[in-house]
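The structure under discussion appears below in the form of structure tokens.
The values are calculated or read from the model by the stated rules, or taken from the named source; none is laboratory data. Since we're looking at a predicted model, the values are computed, not measured. Methodologically, a virtual Cβ is constructed for each residue, glycine included, from the backbone with ideal geometry; neighbour enumeration extends over all protein chains shown. Ligands, DNA and RNA are excluded from the accessible area calculation, which covers all protein heavy atoms including side chains. Shrake-Rupley method; radii C 1.70, N 1.55, O 1.52, S 1.80 Å.
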Amino acid sequence: MAASKRASNQAPTSTGTSTELRGQGDELHQLAGGSHPPLTTNQGIAVSDNQNSLRAGARGPTLLEDFVLREKIMHFDHERIPERIVHARGTGAHGYFELTNSLSRYTTAKILTEVGHKTPVFTRFSTVAGGAGSVDTPRDVRGFAVKFYTKEGNWDLVGNNIPVFFIQDAIKFPDLIHAVKMEPDRGFPQAASAHDTFWDFISLTPESMHMIMWAMSDRTIPRSLRMIEGFGIHSFRLLDEQGQSTFVKFHWRPKLGLQSHIWDEAVKVAGADPDFQRRDMFEAISNGDFPEWELGVQLFTEEDAAGFPFDHLDPTKLIPEELVPLQVIGRMVLDRWPDNFFAETEQVAYCPANIPPGIDFSNDPLLQGRLFSYLDTQLSRLGSANFHQLPINAPKCPFHNNQRDGHMQSQVPKGRVAYEPSSLQEDSPRETRTGFRSHATADDGLKGRLRAESFADHYSQARLFYRSQSKPEQAHIASALVFELSKVETAHVRDAVTGHLRHIDPDLAQRVADGLGMDALPAAPATAFEPIDMKPSPAIQLIGKMKDTLQGRSVGILVSEGSDAGAVAAIQKAVKSAGGLTKIVAPKLGITLSDGRKITAAGQLAGTPSFIFDAVAIVLTPEAGNSLAKDSAAIDFISNAWAHLKAIASDAGAQPLLKAGSVGKDTGVVDAGDMTAFISAAKVRQWLREPKLRALA
Ligand code: HDE
């Protein structure tokens, strides 16, 4: 059979007739099994041979007449659409939003007033700087864009995992993005901010300092997209029946708590699995372990805002939760992976201007610029003004208007009326009193290219952020700055950035200067506004928001021939009952444990390093321990687990390997027999270990 299949896949003989070709298709059909529908062209013409193009003789030229070939190749040639200019690399999933607390006092928007109603959503997470084919784990902001298909039209909350942004005015966005993307003369680096043009721009843009603190923290190297927060960033408005306005900031809080990689781990994961976060989301949803977030709001009035020591319209500022508490009003669950990546995740078109009646914009100048940008970008990316008709973009409520025609029109409107007002057709759409209304504000002022004086404080909240962090987090921020600036070739750029840090925190500036080996601290730039000390906000810590749980985490168990089956089972049981997952890693996929059972490991050692796990356990016979102590993949497995501050459980046989990996002793290194100690160590990173093994700034 195999031989005949090979034969039929070879080029047809010069005497090949249409009968023979059909026969070949039938044979393939039988090989695949099942009752497949006939393969057709896009015109519905059944195809008899999908293996060979139409030729004049077996060794002759291909004929122009071959419409099957030409249609197939033409379509293939056009398979790609322009990738997003930012946020090109992304991962999306379907799910729902369920309101748990009504905001009917503040808004008429049904999605925020109908408790218990489940609104379908499509949520796309992304990195910002890299192209569509870049890795999942660079140091970068993560996009967090939610499309709510509400009863009253689509609401897109297009946010990030950081509550502030680099710039105050949309007119600087192309500059920021040009600076961070690949340098135009050399075409690198891909998906990295550690290069001259980015830091040159930053050094000349003091308003970016607060965001820089967040960007250099471990928030930008998340362990999983299931473990990031999301923020709408800008202030929006809620409008009640009378049109009264209340300001609102939107926050997503992950059920699993926050968790991040450490830098060395993120770098290594990028090589081991470029799709690490996409795979993580796919596996979680496939396992029924649905990612979930709470939606929280901060509500405040114009009068409250007047008392803040910053301007809430300035997107480089956050409102500390200690000042305006977060109220949880609902939850989002992502429970369905898309059927098709291109049709859904690639073609989804978000736009912050999509809001239902009862929600409105603020005058944040960054938001105002975004309201233009997204509609415009969708036109160039999706190629037609009818992109809203694509299934992923279309509202799930009825929608009608008099817009007509255009490229790729897929609707077939009936009747003779395509205008308004009209008197010829009873069911033609009309405006309605309950339709979208903007808040009636009395904004008038002198026309000009202006920046409000209340936007002038560039350092106080950067200081607030830095000083609110725990010691390990501060060390990571300082080290990230040293790393990034060490990649900057231009000395005056390094100096200028370090100079800014002096306004944020003198100790931070000193740590960075020391880390870079500077002889003296560079001068701090002049500033129009003397930074103020704000009360630290523990709510903006990352470590403080890690949850004491194994939920959503995974433990790699390294075994070899003859490993103790009982010990392996005990680890699996303990991890499972703590809510975590286990994966067996072994030098070979097929492995026999001590009970004679042959199992298939989830990963082969050389391709399954420890940095894709949250904790590891090593169960080996003495022979295997001795032989793996000479194997570099096994040594890397254990030494990386140690260096990445992970809990390590091991049995007696594993000790030679631990020694070869220079694993030391602390509360995170436990006996494989003591599962209580292992589980509690596995829930956290061993921060106290870090200064012993890594020189941090
Ligand atoms: Fe975006 N941004 N952005 N952005 N943005 C885009 O729209 C833009 C900004 C954000 O998963 C683009 O469809 C301007 C802030 C996300 O498909 C584009 C400015 C925040 C996504 C665009 C900003 C975001 C985008 C590119 C400065 C956080 C991905 C492709 C005024 C609140 C959405 C696209 C997805 C995508 C413009 C700043 C979030 C070009 C002009 C601030 C999550 O329209």
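A few points about this structure:
- Total residues in the stretch 95-125, condition of a type in the set (Ser, Thr, Tyr) and open to solvent by less than 10 Å² (accessible area, probe 1.4 Å): 3
- Scanning the stretch 283-310 for residues that are of a type in the set (A, V, I, L, M) and farther than 30 Å from GLY579 by Cα yields LEU299, ALA305, ALA306.
- Restricting GLY130, GLY92, GLY159, GLY143 to residues that are open to solvent by less than 10 Å² (accessible area, probe 1.4 Å) and touching a His at 6+ places or on another chain (Cβ under 6 Å) narrows the list to GLY143.
- With respect to the conditions (1) assigned to a helix (DSSP H, G or I); (2) modelled with pLDDT under 95, ALA442 falls short on a single one, namely (1).
- Some residue of the stretch 207-214 being more than 16 Å from the ligand (Cβ to nearest atom) and of a type in the set (S, T, N, Q): no
- So SER235, is it under 17 Å from the mean Cα position of the chain (by Cα), more than 20 Å from SER554 (Cβ to Cβ) and buried (at least 23 other Cβ atoms within 10 Å of the Cβ): no
- Some residue of the stretch 355-362 being within 16 Å of the ligand (Cβ to nearest atom) and touching a Gly at 6+ places or on another chain (Cβ under 7 Å): no
- Of all residues in the stretch 137-163 being farther than 18 Å from LEU258 by Cα and more than 13 Å from the ligand (Cβ to nearest atom), the one that is nearest to the chain's Cα centre (by Cα): PHE148
- Flag for PHE166 being within 17 Å of ALA496 (Cβ to Cβ), more than 12 Å from the ligand (Cβ to nearest atom) and among the aromatic types (Phe, Trp, Tyr): no
- Matching residues in the stretch 176-185 - criterion: being more than 9 Å from the ligand (Cβ to nearest atom) and either of a type in the set (A, V, I, L, M) or within 24 Å of PHE310 (Cβ to Cβ) (or both): ALA179, VAL180, MET182
- Applying the condition of being open to solvent by less than 30 Å² (accessible area, probe 1.4 Å) and farther than 19 Å from ALA88 by Cα to the stretch 342-365 and asking which residue is nearest to the chain's Cα centre (by Cα) yields ILE355.
- Given (1) in contact with a Lys or Arg (Cβ under 6 Å, 6 or more places away or on another chain); (2) more than 16 Å from the ligand (Cβ to nearest atom); (3) polar (S, T, N, Q), index of the condition SER134 fails: (2)
- Unmet criterion (only one of (1) over 30 Å from PRO325 (Cβ atoms); (2) in contact with a Phe, Trp or Tyr (Cβ under 7 Å, 6 or more places away or on another chain)) for ARG502: (2)
- Here is the figure for the stretch 477-520: residues that are small (Gly, Ala, Ser) and open to solvent by 60 Å² or more (accessible area, probe 1.4 Å) total 2.
- So SER384, is it in the same structural domain as PRO338 (by TED's automatic domain parsing), closer than 28 Å to ILE81 by Cα and open to solvent by 60 Å² or more (accessible area, probe 1.4 Å): no
- Single match in LYS255, LYS249, LYS268 (criterion: under 26 Å from LYS317 (Cα atoms) and surrounded by fewer than 21 Cβ atoms within 10 Å (Cβ to Cβ)): LYS255
- Filter result (under 14 Å from PHE231 (Cα atoms) and open to solvent by less than 10 Å² (accessible area, probe 1.4 Å)) within the stretch 162-188: ILE162, VAL164
- In the set GLN411, GLN368, only one residue is more than 16 Å from the ligand (Cβ to nearest atom), touching a helix residue (DSSP H, G or I) at 6+ places or on another chain (Cβ under 8 Å) and either open to solvent by 70 Å² or more (accessible area, probe 1.4 Å) or in contact (Cβ under 8 Å) with a residue 40 or more places away in the chain (or both); that residue is GLN411.
- Among (1) within 26 Å of GLU241 (Cβ to Cβ); (2) crowded, with 20+ Cβ neighbours inside 10 Å, the one test that ASP304 misses: (2)
- Pick from the stretch 540-560, criterion of a type in the set (D, E, K, R) and out of contact with any strand residue (DSSP E or B) (no Cβ under 6 Å at 6 or more places or on another chain), ranking: surrounded by the fewest Cβ atoms within 10 Å (Cβ to Cβ): ASP548
- Residue selected from the stretch 373-389 under the condition touching a helix residue (DSSP H, G or I) at 6+ places or on another chain (Cβ under 8 Å) and without any contact (Cβ under 8 Å) to a residue 40 or more places away in the chain, by the criterion nearest to the ligand (Cβ to nearest atom): GLN378
- The criterion of at least 3 residues that are within 16 Å of the ligand (Cβ to nearest atom) is met, among strands (runs of 3 or more DSSP E) falling completely within the stretch 221-329, by 245-254, 292-300.
- Among the candidates ARG80, ARG84, residue that is exposed (fewer than 11 other Cβ atoms within 10 Å of the Cβ), in the same structural domain as ASN340 (by TED's automatic domain parsing) and either within 16 Å of the ligand (Cβ to nearest atom) or not in a loop (DSSP other than H, G, I, E, B) (or both): ARG80
- Qualifying residue in the stretch 521-544 (condition: under 18 Å from MET211 (Cβ atoms), small (Gly, Ala, Ser) and touching a residue at least 60 places away in the same chain (Cβ under 8 Å)): yes
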